[in-house]
Amino acid sequence: MKNSLTCREATRLLLEDEDRELTTSERLELQVHVKICFACQRFVAQLNLMRRATRAWRKHSDGDSET
Amino acid sequence: MSDFANQVERLRPQLLRFARTQLRNDAWAEDAVSETVLAALERPGSFTGQSHLKTWLVGILKHKVVDQLRRHTREATVLMGEDDEDFDEALFQADGHWRDMPRDWGDPDAACSQRQFFEVLQACCEGLPPVQARVFMMREWLELEADEICSELEITSSNLWVLLHRARLRLRDCLQVRWFDSAVTR
């Protein structure tokens, strides 16, 4: 059986997931890793916050606010 | 100057700031903003007043920014090796584990509801190495697809992923230091 992902590899896939479609097997490996890795769960939460924040920032700077 | 021209002129500094963050080159940013202002003044009738003037101008600016990048493709990407080879090394041990446990950033709404948070985010983007900043802004602010960015900048998709990967990790690091770590003093 293939070795499971390291945190470093999982992080790379999590970041690439923002910009490309992961393959089915990449996604599965990633899900398994994140399920058992508390540190990477934290990283996922950070990425979610960054995604939310950039979206909100884009709206903010596109002029939704008056400043 | 007409009232419309006055209003447009007043927004110029804000437009310039966005263009600068995006292009990381003052001359290109000035050009993109001037072209935007010119386009606005030439067709004031196309501003219907249904959106904010700023929203309308930013819409034009986005196209002008892409035009600038297209015009300067070569210079825009010549710095591929700009970054220290491996930001990852600082984050992970040799066996691939995190050196430091990623911190709990708490509730996203709490951060996103604060105006200063966006100031920090923008400052962190401005602090990125220029090519990383460009690709990150093209992706997140211009909302271009990865393949569009690759063709505009004439880079491969694996180059693009590496750049975006580094940009996102750097931003994360910057937000940690400049926002979350300083939460106690705020």
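Just so you know, all these numbers are worked out from the coordinates, no wet-lab data involved. Computed from a predicted structure; not experimentally measured. Quick reminder, even Gly has a Cβ in these numbers, built from the backbone with ideal geometry, and neighbours come from all protein chains shown.
Below are the figures for this structure:
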{"quantity": "Size of the stretch B:113-175 as Cα extents on the principal axes (Å, biggest first)", "calculated": "36, 20, 16"}
{"quantity": "Across chain A: Cys residues that no other cysteine approaches within a C-beta distance under 4.7 Å", "calculated": "A:7"}
{"quantity": "Stokes-Einstein translational diffusion, chain B - Kirkwood Rh over all Cα pairs, 0.890 mPa s, 25 °C, in µm²/s", "calculated": "134 µm²/s"}
{"quantity": "Dipole magnitude of the stretch B:3-71 about its Cα centre (Cβ charges: Lys, Arg +1; Asp, Glu -1), debye to nearest 20", "calculated": "280 debye"}
{"quantity": "Virtual spin-label span in nm between residue B:51 and residue A:42, 7 Å along Cα→Cβ", "calculated": "4.0 nm"}
{"quantity": "Free-standing Cys residues across chain B, given no other cysteine C-beta under 4.7 angstrom", "calculated": "B:112, B:125, B:150"}
{"quantity": "Dipole magnitude (debye, nearest 20) for chain A, charges at Cβ of Lys, Arg, Asp, Glu", "calculated": "280 debye"}
{"quantity": "Signed unit charges on C-beta, dipole axis of the protein assembly as shown, positive-most listed residue B:114, B:151, B:28", "calculated": "B:114"}
{"quantity": "Alpha carbon Rg of the stretch B:3-71, scaled by the compact-globule rule 2.2 N^0.38 Å", "calculated": "1.03"}
{"quantity": "DSSP loop GluC sites (Glu not before Pro) with at most 14 other Cβ within 10 Å: longest gap in chain A", "calculated": "A:22-65"}
{"quantity": "Highest-fluctuation residue, A:52, A:27, A:42 considered, GNM on chain A with Cα pairs under 10 Å", "calculated": "A:52"}
{"quantity": "Over the protein assembly as shown: helical MRE at 222 nm, DSSP H runs n ≥ 4 each giving -39500 (n - 2.57), nearest 500", "calculated": "-21000 deg cm²/dmol"}
{"quantity": "Rounded to 10°, Cα long-axis angle of helix B:26-42 versus longest principal axis of chain B", "calculated": "40 degrees"}
{"quantity": "Rounded FRET efficiency, nearest 0.05, which uses the C-beta distance separating residue B:73 from residue B:7 and R0 of 30 Å", "calculated": "0.35"}
{"quantity": "Magnitude of the charge dipole, chain B, Cβ model with Lys/Arg +1 and Asp/Glu -1, debye to 20", "calculated": "740 debye"}
{"quantity": "Chain A - Rg (one decimal) and Dmax (whole number), Cα, Å", "calculated": "15.4, 57"}
{"quantity": "Computed Rg/Rh of the stretch B:77-185, alpha carbon atoms with Kirkwood Rh", "calculated": "1.00"}
{"quantity": "Filtered GluC sites (Glu not before Pro), the stretch B:90-186: DSSP coil and at most 16 other beta carbons within 10 Å", "calculated": "B:143, B:145, B:154"}
